[in-house]
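The values are calculated or read from the model by the stated rules, or taken from the named source; none is laboratory data. Predicted, not measured: the structure shown is a model, and the values here were computed from it. Note that each Cβ is placed from the backbone with ideal geometry, even for glycine, and that neighbours are counted across all protein chains shown. In case anyone asks, the SASA skips ligands and DNA or RNA and just uses the protein heavy atoms, side chains included. Shrake-Rupley method; radii C 1.70, N 1.55, O 1.52, S 1.80 Å.
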Amino acid sequence: MAEPQGDANVRALLQSYSVELTTKDQKGIAAAGELLKPGAEVFVANLPGESADRLVAACTALSKSGVSPVPHMVARNTLSAAELDDTMARLAGEAGVHTCLVLGGDRDDPVGPYDASIQLIETGVFEKYGVKRLFIGCHPEGHPRVPDTVIWPALGVKVEAAKARGLETILVSQFAFDSGPMVAFAKRLRAAGIDRPFRVGVAGPAKQTTLIKYALMCGVGASLRALRERHEAMKDLLAGETPEGLLRDVAAAQAADPSLGIEGVHFFTFGAVANSVRLAEQMRGA
C-alpha cells in the first residue's frame with residue numbers, strides 16, 4: 001500500500017534537519033551524540049558573556065561524538081579581530097569545524113568592533129581556517145530590533161559577499177508557529193533572485209511558558225496572532241505539543257512548488273534536544 005502523500009512530503013523535507021543547543025546544555029550534547037546519525041549538524045549558540053573556551057569545548061565534545069558542530073559566530077559578541085581569529089583557529093583545529101552560522105547579535109551595544117554579520121564575513125577568517133559553508137540567519141516575521149528596510153537588503157549582500165570568498169551559503173530562519181510566513185518568505189527570496197537553499201526554523205516540543213518566552217524575545221508575533229485565530233492549534237502548541245501541523249504545511253507547500261527551495265528543517269530545542277530528534281525521526285519514519 002502506498003504511503004499517504006502528506007507523509008512522503010514530510011519525509012522529503014526532513015531528509016535534512018539540524019538541532020540547536022547552548023554550550024551549557026551538557027544533557028543535550030550527550031543526547032545529540034547518542035541519537036543523531038554521524039555527520040548530523042548541531043548548532044551551538046554563542047550567548048552574550050560566554051567565553052570562547054566554552055564554545056570550543058562544546059563543539060569539540062560534539063565532534064568527538066561523531067556529529068558536526070555548527071557554532072554561532074556573533075558579531076556583537078566578538079571582542080576583537082584577534083579574539084575572532086583565535087576562536088576560529090581553535091574551532092577548526094580542536095573541534096574540526098567546517099561550517100558556521102553568522103549572526104549580527106541581539107544585544108544593543110557591541111562589545112567590540114563588529115556590529116553586523118557582514119563584517120565577520122569580510123574579515124576572511126572563515127576561509128582562512130578551512131570553513132566551507134556558512135549558514136546565514138534570516139527572519140521571515142521580521143527582526144525584533146532591526147527594521148526590514150535594513151535587514152532585507154543586507155541578506156542579499158551577505159550571500160554575495162560569501163560567494164565572492166568561495167563560501168557556500170544556506171539560509172536558516174528564526175522559528176515560527178505558522179507556515180504562512182515561512183512560505184511567503186521563500187517566495188520573496190526567489191522573487192528577489194536569491195537562490196540559496198532555505199532551511200525553516202521550527203520550535204521543537206517544549207513547555208508552554210518556554211515557547212511564549214522565546215516567541216516574544218525573537219519577534220514571532222505574526223504567527224502567534226495567526227494561531228490565536230485557530231484556537232485548538234494554539235492550545236495544542238502552547239501546551240507543549242509537537243509542531244507536526246506546521247511541518248506538514250511547509251512540506252506540502254514545497255512539494256506543490258519546488259521552486260521555493262525549502263530544503264530541510266532547523267529545530268530550536270529549548271534544552272530538550274532528545275524530544276526534537278525523536279519527533280524528527282518519527283516523522284521521517286525512521
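Quick look at the values:
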| quantity | calculated |
| --- | --- |
| Magnitude of the charge dipole, segment 118-161, Cβ model with Lys/Arg +1 and Asp/Glu -1, debye to 20 | 200 debye |
| Rounded if a/c under 1.5, otherwise prolate or oblate - segment 41-87, Cα gyration tensor axes | prolate |
| Carbon plus sulfur fraction of accessible area for segment 52-175, probe 1.4 Å, in percent | 51 percent |
| Dipole magnitude (debye, nearest 20) for segment 43-190, charges at Cβ of Lys, Arg, Asp, Glu | 520 debye |
| Paramagnetic reach from Ala256 in segment 159-200 [backbone N under 20 Å; point 7 Å along Cα→Cβ] | 176-191, 198-200 |
| Rounded to the nearest 20 debye, dipole of segment 1-108 from Cβ charges on Lys, Arg, Asp, Glu | 160 debye |
| Per residue solvent-accessible surface (Å²) - segment 144-199, probe of 1.4 Å | 45 Å² |
| Cα-projected label distance for Arg133 with Lys64, points at 7 Å along beta-carbon direction, nm | 2.5 nm |
| Accessible surface, per residue, of segment 60-140 when the full set of protein chains is kept, probe 1.4 Å, Å² | 38 Å² |
| Whole-Å semi-axes of the ellipsoid equivalent to segment 114-169 (Cα gyration tensor, √5λ, descending) | 22, 11, 9 |
| Where Lys64, Lys24 fall by accessible area, highest first, once all protein chains stay in place (1.4 Å) | Lys64, Lys24 |
| Extension gain (nm, one decimal) between Ala12 and Glu160, 0.36 nm per residue minus Cα-Cα | 50.4 nm |
| Paired Rg and Dmax values of segment 4-106, which use every Cα atom, in angstrom | 15.0, 54 |
| Cross-link reach list, aspartates and glutamates versus Lys37, counting only Cα pairs under 13 Å and skipping chain neighbours closer than eight places | Glu281 |
| Rounded FRET efficiency, nearest 0.05, which uses the C-beta distance separating Glu244 from Arg107 and R0 of 51 Å | 0.90 |
| 17 Å Cα-Cα reach of Lys158 towards aspartates and glutamates, excluding residues that sit fewer than 8 places from it in its own chain | Asp115, Glu122, Glu127, Asp148, Glu168, Asp195 |
| 5 Å-binned pair-distance histogram of segment 26-67 (Cα, whole percent) | 5, 24, 34, 21, 11, 5, 0 |
